[in-house]
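First up is the structure itself, then whatever we jot down about it.
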Amino acid sequence: AQKVTQAQTEISVVEKEDVTLDCVYETRDTTYYLFWYKQPPSGELVFLIRRNSFDEQNEISGRYSWNFQKSTSSFNFTITASQVVDSAVYFCALSEAGWGSQGNLIFGKGTKLSVKP
Amino acid sequence: DAGVIQSPRHEVTEMGQEVTLRCKPISGHDYLFWYRQTMMRGLELLIYFNNNVPIDDSGMPEDRFSAKMPNASFSTLKIQPSEPRDSAVYFCASRPGGHQPQHFGDGTRLSIL
């Protein structure tokens, strides 16, 4: 069965601190995709990154970085030098791509990040 | 390019009324998804379409919910009759093929009194 677990319900940090959001997934497929979305207080869902199961290279985009480890079924997200504008709910999601898979997104419950000035 | 467009942004109505939510996907996207977001249950997939055909509606909570996609640029999600427990934010999303990212509309915040 496919499942995404974001164990951290809420995290609070002070501006300029680094913070890591954890994501653990379960799937039987060998081919799959992992995603992160951001939902700021205004409510929209913003796509951040997609990673396929064959690419374990870490990704860096400005202050954002992602660490994908198949050995631990994890796809963690780190924000370096956090800013107040990073305050949002962050969702990790999984899409299976094996034979017969529908390609739906399975979302975790989300982690609410609050960055205090 | 315009993103996914949903209307209305907010809807407040009384229990028992019919509610229709609308969505215009991004042009060229083959897939369209309807989600519901609540505090208790998080983001739930209700139904999705591929090339205007419903593929999986197993997430539709009950017969009061129905969705249509009459053409590639328009979809509706209808609730009839509405109940207070249907209060939630409803999102529409679309994507092209190839497991590309889904792009979400701004959502419709629905309140059933």
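Some values worked out for this structure:
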| read-out | value |
| --- | --- |
| From A:THR27, A:THR111, A:THR72, A:THR31, residue being β-branched (Val, Ile, Thr), within 25 Å of B:GLY59 (Cβ to Cβ) and out of contact with any strand residue (DSSP E or B) (no Cβ under 7 Å at 6 or more places or on another chain) | A:THR31 |
| For A:VAL46: the one exception among (1) within 18 Å of B:GLU44 (Cα to Cα); (2) away from chain B (no Cβ under 11 Å) | (2) |
| Set A:VAL13, A:VAL85: member being out of contact with any His (no Cβ under 7 Å at 6 or more places or on another chain), modelled with pLDDT of 95 or more, within 28 Å of B:MET39 (Cα to Cα) and assigned to a helix (DSSP H, G or I) | A:VAL85 |
| Pick from the range A:49-66, criterion part of a strand (DSSP E or B) and in contact (Cβ under 8 Å) with a residue 12 or more places away in the chain, ranking: nearest to the other protein chains (Cβ to nearest Cβ) | A:ARG50 |
| For A:ASN104: the one exception among (1) within 14 Å of chain B (Cβ to nearest Cβ); (2) surrounded by fewer than 17 Cβ atoms within 10 Å (Cβ to Cβ); (3) without any contact (Cβ under 8 Å) to a residue 40 or more places away in the chain | (2) |
| Any hit, the range B:58-65, residues being among the hydroxyl-bearing types (Ser, Thr, Tyr), surrounded by fewer than 21 Cβ atoms within 10 Å (Cβ to Cβ) and under 23 Å from A:TYR33 (Cβ atoms) | yes |
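The values are calculated or read from the model by the stated rules, or taken from the named source; none is laboratory data. Note that the coordinates shown come from a computational prediction; the quantities given were computed from them, not determined experimentally. Every residue, glycine as well, gets a Cβ built from its backbone with ideal geometry; the counts of neighbours run over all protein chains shown.
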